[in-house]
Amino acid sequence: MNDQTKYILSSIRAFVRWSVFGIITGLVAGGIASSFDLALVWANTFRGTHPRIFLGLPLAGLAISWLYYHLGEKGDQGTNLVIESIRKKEGIPWYVAIRIFFATFLTHLFGGSAGREGAALQMGGSISSTIAHVLNKWKLDKNAVIMTGMAATFSALFGTPLAATVFALEMVNVGEIYYAALVPCSFAAVVGLMVARFLGVEAEHFTMPYVPKLTPYNLVMAILLAACCTLVGIFFCIVLKKAHKFFHEPFWNHYAAVFTAGCLLVLLNLAVRSTDYMGAGMHIIEEAVGGHARPEAFILKIIFTAITLGSCYKGGEIVPSFYIGATFGCVFGKLVGFFSPGVFASLGMVSVFCSVTNCPIASLLIAAELFGFDGIYYFLVCISVSYMLSGRYSLYSSQKIIHDKNMEQKEEKE
């Protein structure tokens, strides 16, 4: 048997193993992610009918802090835990899925400003690591294992299997895509979506008011919006980092930190007299795409999210970045008075997401799956601008820049 034949047979065996693993992960992670989504829907509905429940945020924070310090190691870093596990080629313990499930549920139930997809990434990595541990004789690559779980849960929650697959491959190292995990990630994402649909989880979808004619002037306006969105994204990253530092350094006790954060959120909710900044805020994103947003909405969402995620409350940063981008884009559109504010909101939503995650290909696929392909050229330009101008800023401090965005700077180093 020659080397070429051996390689083909080896590839077939690897394909079978990874296909089976991807399908199993999609079934299990998709089912758990769907249950997670339905639980959060119930939590947000309950909070809507019982608006004063946000007064219990400080106590909910204490419960979350207790959960994290008694179920697993101290000093959990959220999504950075997933990135670090991939980089160190380590699995994620099974209990991570349990604690992030209940911690995020409590955060949403009591009105903390957080998303869900960031939590799902941790949950997916934990689930796939557990499945791989059961199948330990297969000796599966741990990087691909964690990415597979991430793709499955992201797809199940958001209904975007293309973006979920690429996001899992792209988010760890800026400028590099881990193509080796393409088969299990894509299989898990598609199967996870099928499971979510079967269990009644609705996929997210938005509609741009219209697609402006492709002209040089219109492109300039889109570029200007993307540049401004990049500044907003950078500001979001800085504020979130400062909040995390504030709630972890001055306080000698983690319970004091989260209780203080909960009290601040209660006071802010009472001050603004609005529930618009609680939870993920998907309805506010829909309103912004429809052309309606308060001028201060994106600033307040940044503050609420920074306090929530900077302390011990749990959730995700992705939907808040959508919220911030959509509301800022809508306000920007009203100020310049050119496109419909809803068009700017659509472009701003994806631009800010790209600027804070450094995942341009996944951002483009999210735009296509959420808005369709009609305005894809505008999304392409905005994403390109926000990716390059965002520099080294990111919501994920564990991300590693493999290829510098500034090509001139790279040439100087060489």
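The values are calculated or read from the model by the stated rules, or taken from the named source; none is laboratory data. All values derive from a computational prediction rather than experimental measurement. Backbone-built Cβ (ideal geometry, glycine too); neighbour counts: all protein chains shown.
This table checks each residue for (1) under 21 Å from the mean Cα position of the chain (by Cα); (2) at pLDDT 90 or above; (3) in a helix (DSSP H, G or I); (4) not assigned by TED's automatic domain parsing to the domain that holds Gly22.
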residue: Ala97; (1), (2), (3), (4): yes, no, yes, no
residue: Ala103; (1), (2), (3), (4): yes, yes, yes, no
residue: His108; (1), (2), (3), (4): yes, yes, yes, no
residue: Gly111; (1), (2), (3), (4): yes, yes, no, no
residue: Ala119; (1), (2), (3), (4): yes, no, yes, no
residue: Gln122; (1), (2), (3), (4): yes, no, yes, no
residue: Ser128; (1), (2), (3), (4): yes, yes, yes, no
residue: Ala132; (1), (2), (3), (4): no, yes, yes, no
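Do the conditions hold for Gly233, that is, is it part of a helix (DSSP H, G or I), under 17 Å from the mean Cα position of the chain (by Cα) and among the small types (Gly, Ala, Ser)? Let's see the steps before the verdict.
Working: part of a helix (DSSP H, G or I): yes; under 17 Å from the mean Cα position of the chain (by Cα): yes; among the small types (Gly, Ala, Ser): yes.
Answer is yes for this residue.
Can you spot a residue in the stretch 393-412 that is touching a Phe, Trp or Tyr at 6+ places or on another chain (Cβ under 9 Å), among the basic types (Lys, Arg) and in a helix (DSSP H, G or I)?
No, the stretch 393-412 contains no residue that is touching a Phe, Trp or Tyr at 6+ places or on another chain (Cβ under 9 Å), among the basic types (Lys, Arg) and in a helix (DSSP H, G or I).
Residues of the stretch 48-65 being out of contact with any Phe, Trp or Tyr (no Cβ under 7 Å at 6 or more places or on another chain) and in contact (Cβ under 8 Å) with a residue 40 or more places away in the chain, which ones?
Taking the stretch 48-65 as the starting set, the residues that turn out to be out of contact with any Phe, Trp or Tyr (no Cβ under 7 Å at 6 or more places or on another chain) are 48-52, 55, 59, 63.
Answer for the stretch 48-65, where residues must be out of contact with any Phe, Trp or Tyr (no Cβ under 7 Å at 6 or more places or on another chain) and in contact (Cβ under 8 Å) with a residue 40 or more places away in the chain: Gly48, Pro51, Leu55, Leu59, Ala63.
Which of the helices (runs of 4 or more DSSP H) found entirely inside the stretch 243-319 contain at least 2 residues meeting this: at pLDDT below 90 and surrounded by 16 or more Cβ atoms within 10 Å (Cβ to Cβ)? Before you say what the answer is, go through the steps one by one.
On the way: elements: 254-272, 282-289, 297-310.
The helices (runs of 4 or more DSSP H) meeting that bar are 254-272.
So Leu265 passes all but one of these: (1) over 20 Å from the mean Cα position of the chain (by Cα); (2) within 20 Å of Cys354 (Cβ to Cβ); (3) among the aliphatic types (A, V, I, L, M). Which condition number does it fail?
(2)
What is the residue count in the stretch 283-310 for residues that are in contact (Cβ under 8 Å) with a residue 60 or more places away in the chain and either closer than 23 Å to Thr207 by Cα or outside the structural domain of Lys242 (by TED's automatic domain parsing) (or both)?
Let us first name the residues in the stretch 283-310 that are in contact (Cβ under 8 Å) with a residue 60 or more places away in the chain, namely 285-286, 288-291, 298, 301-310.
When the remaining residues are screened for being either closer than 23 Å to Thr207 by Cα or outside the structural domain of Lys242 (by TED's automatic domain parsing) (or both), the result is 285-286, 288-291, 298, 301.
Adding up the residues that qualify gives 8.
Please list, ordered by first then second residue, the pairs with beta carbon atoms under 9 Å, 6 or more apart or interchain, first in the stretch 375-404 and under 15 Å from Thr357 (Cα atoms), second part of a helix (DSSP H, G or I) and acidic (Asp, Glu).
Sorted first by the residue in the stretch 375-404, then by its partner, the pairs are Ser398/Glu84.
Considering the stretch 134-157 alone, what residues qualify as being in a helix (DSSP H, G or I), in contact with a helix residue (DSSP H, G or I) (Cβ under 8 Å, 6 or more places away or on another chain) and of a type outside the set (A, V, I, L, M)?
Within the stretch 134-157, the first condition is being in a helix (DSSP H, G or I), and the residues that meet it are 134, 136-138, 142-157.
Now drop any that are not in contact with a helix residue (DSSP H, G or I) (Cβ under 8 Å, 6 or more places away or on another chain), which leaves 138, 142-157.
Scanning the stretch 134-157 gives Trp138, Lys142, Asn143, Thr148, Gly149, Thr153, Phe154, Ser155.
Which of (1) within 23 Å of Phe187 (Cβ to Cβ); (2) at pLDDT below 90; (3) among the small types (Gly, Ala, Ser) does Ser65 not meet, given it meets every other one?
Here Ser65 clears every test but (1).
For the stretch 222-230, state whether one or more residues are among the small types (Gly, Ala, Ser), surrounded by fewer than 21 Cβ atoms within 10 Å (Cβ to Cβ) and either in contact with a strand residue (DSSP E or B) (Cβ under 6 Å, 6 or more places away or on another chain) or in a loop (DSSP other than H, G, I, E, B) (or both). Before the answer, list the steps.
Just the residues of the stretch 222-230 that are among the small types (Gly, Ala, Ser), to begin with: 222, 226-227.
If we keep only those that are surrounded by fewer than 21 Cβ atoms within 10 Å (Cβ to Cβ) too, we end up with 227.
From the residues that got through so far, the ones that are either in contact with a strand residue (DSSP E or B) (Cβ under 6 Å, 6 or more places away or on another chain) or in a loop (DSSP other than H, G, I, E, B) (or both) too are none.
No - not one qualifying residue is present in the stretch 222-230.
Among the numbered conditions (1) within 20 Å of the chain's Cα centre (by Cα); (2) of a type in the set (S, T, N, Q); (3) within 26 Å of Leu219 (Cβ to Cβ), tell me where Ser340 comes up short.
It fails just one condition, (1).
Kindly evaluate Gly329 against the criterion of being buried (at least 24 other Cβ atoms within 10 Å of the Cβ), over 14 Å from the mean Cα position of the chain (by Cα) and at negative phi.
Working: buried (at least 24 other Cβ atoms within 10 Å of the Cβ): yes; over 14 Å from the mean Cα position of the chain (by Cα): yes; at negative phi: yes.
The answer is yes for Gly329.
Could you identify the single residue in Val145, Val134 that is among the aliphatic types (A, V, I, L, M), without any contact (Cβ under 8 Å) to a residue 24 or more places away in the chain and closer than 21 Å to Val16 by Cβ?
Checking each option against the conditions leaves just Val134.
For the stretch 165-178, which residues satisfy the criterion of being touching a residue at least 60 places away in the same chain (Cβ under 8 Å) and at negative phi? If you could, list the steps in order and put the result at the bottom.
Of the stretch 165-178, the ones touching a residue at least 60 places away in the same chain (Cβ under 8 Å) are 166-167, 170-177.
Val166, Phe167, Glu170, Met171, Val172, Asn173, Val174, Glu176, Ile177 - these are the residues of the stretch 165-178 that are touching a residue at least 60 places away in the same chain (Cβ under 8 Å) and at negative phi.
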